[in-house]
Amino acid sequence: MSESLHPPLPAAPSRPVPALAWPGFVARHRVLFTLAFFAVFPWLMPYQSVAINILIFGLYAVGFNLLFGYTGLLSFGHAAFLGVGGYTAGILIAQHGAAWWWAIPAAVAMAAVVALVMGLLAIRTRGIYFAMVTLALSQCVYFLVYQLPASGGENGLRGANVADVSLFGLHLNLLDPMEKYYFMLAFVAVALVALSRILASPFGGVIEAIRENESRARACGFNVERTKLLAFVLSAAFCGLAGALYAIHLSSVAIETLAYTTSGMVVMLCLLGGMGTYFGPFVGAALFLVIQDVISEYTENWQLYVGAVFVFFVLFFPKGVWGTLLEKLRHDR
């Protein structure tokens, strides 16, 4: 058969796939990818207790980041919410025989109530004044808890033991580090879903507008003080959940949980990971705790080396490790 007189049409060119399109896809499904990573995370760590601590302190940093990174308010008093959450859950479990499923929500609620009181006193101040007022109020909480007979004073609280968990036919042995990790991950997952919904809501847009230009946000008709107060309370609720999980993890609560050094530590975690990023607080917690764990095996002066590492990252990763990586990926696109 003779060939056709008409030459074949050229194939339609394929549509080019944008380079590095996957970061946007990951950002749209950030909860899914974060939880998928944490599902395998304990297998990447030298031992599970470090992974559990990273989950808990990462959640603590997530709460702080909601206020600092997304709303633009620097607080030096967030240890109050971590400690109040821990002591509330610990006292209910150790001294009143409360079940864990009752103690954890009570800890979150108590942290939110304390934040509401502190916020009503501090939220009208700005900048360094807000930071100093929150620090002063946090120290008041420290001494109030210290004086409580139920808290154990300088000896801390002991006996917050949760060895077995049964829920919907599922039985977990929390003496097994791996099962304890996934128990903690379930609560972190709920918190991350809630955080994602908050950030994607109109409220999330308002707090970011306040961070960028508070005067303009007020001129647009938003109630800035009420919005900042709500952000403060929500931030404390996340921290209170982290405190309750920490109490169950250690079966105890130390008074140092409420110390100002714990407030300073969470600032470091956010700056290391990247403030105003979804996953950054966990990166900061992982860096801090892994470096602390490794260096403390060789010297008691691990704080000196951790401080040097922190200075290095602040100088060369000005937006934190995760924040700088995201910025580079956006720039390459």
Need one value: the accessible area of Ser201 in square angstrom, 1.4 angstrom probe, rounded to the nearest 10.
40 Å²
What FRET efficiency would be calculated for the residue pair Val190, Phe312, taking the C-beta separation as r and a Förster radius of 51 Å, to the nearest 0.05?
0.90
Filtered hits (aspartates and glutamates, Cα-Cα < 13 Å from Lys228, offset >= 8 within chain) -> Glu208, Glu214
Val117, Val133, reordered so the largest accessible area comes first (probe 1.4 Å):
Val117, Val133
Expected field for Leu258, accessible surface area in Å² at 1.4 Å probe radius, rounded to 10, holds 0 Å²
Residue (of Val162, Thr227, Ala98) at the positive-pole extreme of the chain, dipole from beta-carbon charges:
Thr227
So what does Ile128 come to for accessible area, using a 1.4 Å probe and Å² rounded to 10?
100 Å²
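Can you compute the FRET efficiency between Lys328 and Phe37 using 1/(1 + (r/R0)^6), with r the Cβ-Cβ distance and R0 = 25 Å? Round to the nearest 0.05.
On the way: r = 20 Å, r/R0 = 0.79.
Once the sixth-power term is evaluated, E becomes 0.80.
Between Glu300 and Asn161, what length comes free when the chain is fully extended (0.36 nm per residue of separation minus the Cα-Cα distance, one decimal in nm)?
Details: separation 139, 0.36 × 139 = 50.04 nm, distance 2.96 nm.
Contour length minus Cα-Cα distance gives 47.1 nm.
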Output ³J(HN,Hα) for region 184-190: one whole-Hz value per residue in order, computed from phi by the Karplus curve 6.51 cos²θ - 1.76 cosθ + 1.60 with θ = phi - 60°, and x for Gly and Pro.
5, 4, 4, 6, 5, 4, 4
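Taking all protein chains in place and a 1.4 Å probe, what share, in percent, of the accessible surface of region 203-310 do carbon and sulfur account for? Write down the numbers at each step before the final one.
Details: 2680 of 4530 Å².
That share works out to 59 percent.
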Percentage relative contact order, the chain, counting C-alpha pairs under 8 Å, at least six apart
30 percent
Per-residue HN-Hα couplings for region 218-226, Karplus 6.51 cos²θ - 1.76 cosθ + 1.60 at θ = phi - 60°, whole Hz, x for Gly and Pro?
5, 5, 7, x, 7, 7, 5, 5, 5
Residue by residue through region 81-88, which ³J(HN,Hα) values in whole Hz follow from phi under the Karplus form 6.51 cos²θ - 1.76 cosθ + 1.60 (θ = phi - 60°), with glycine and proline marked x?
6, 4, x, 4, x, x, 5, 4
Just one of [x] -0.40, -0.82; [y] -0.24, -0.85; [z] -0.19, -0.82 is log10 I(q)/I(0) by the Debye sum over Cα atoms at q = 0.06, 0.12 Å⁻¹ calculated from these coordinates, so which is it?
[y]
Using the Cα centre as the reference, give the magnitude of the dipole from point charges on the C-beta atoms of the chain (Lys, Arg: +1; Asp, Glu: -1; all else neutral), rounded to the nearest 20 debye.
1060 debye
Report, by chain and number, residues whose modeled amide H sits under 5 Å from the one on Gly69, excluding near sequence neighbours (fewer than 5 apart, same chain).
Gly276
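The values are calculated or read from the model by the stated rules, or taken from the named source; none is laboratory data. Everything quoted here is computed from the prediction, not taken from an experiment. Cβ sites come from the backbone with ideal geometry, for glycine too, and all protein chains shown count toward neighbours. Ligands, DNA and RNA are stripped out before the accessible areas are found, and what is left, the full protein with its side chains, is counted by its heavy atoms. Shrake-Rupley method; radii C 1.70, N 1.55, O 1.52, S 1.80 Å.
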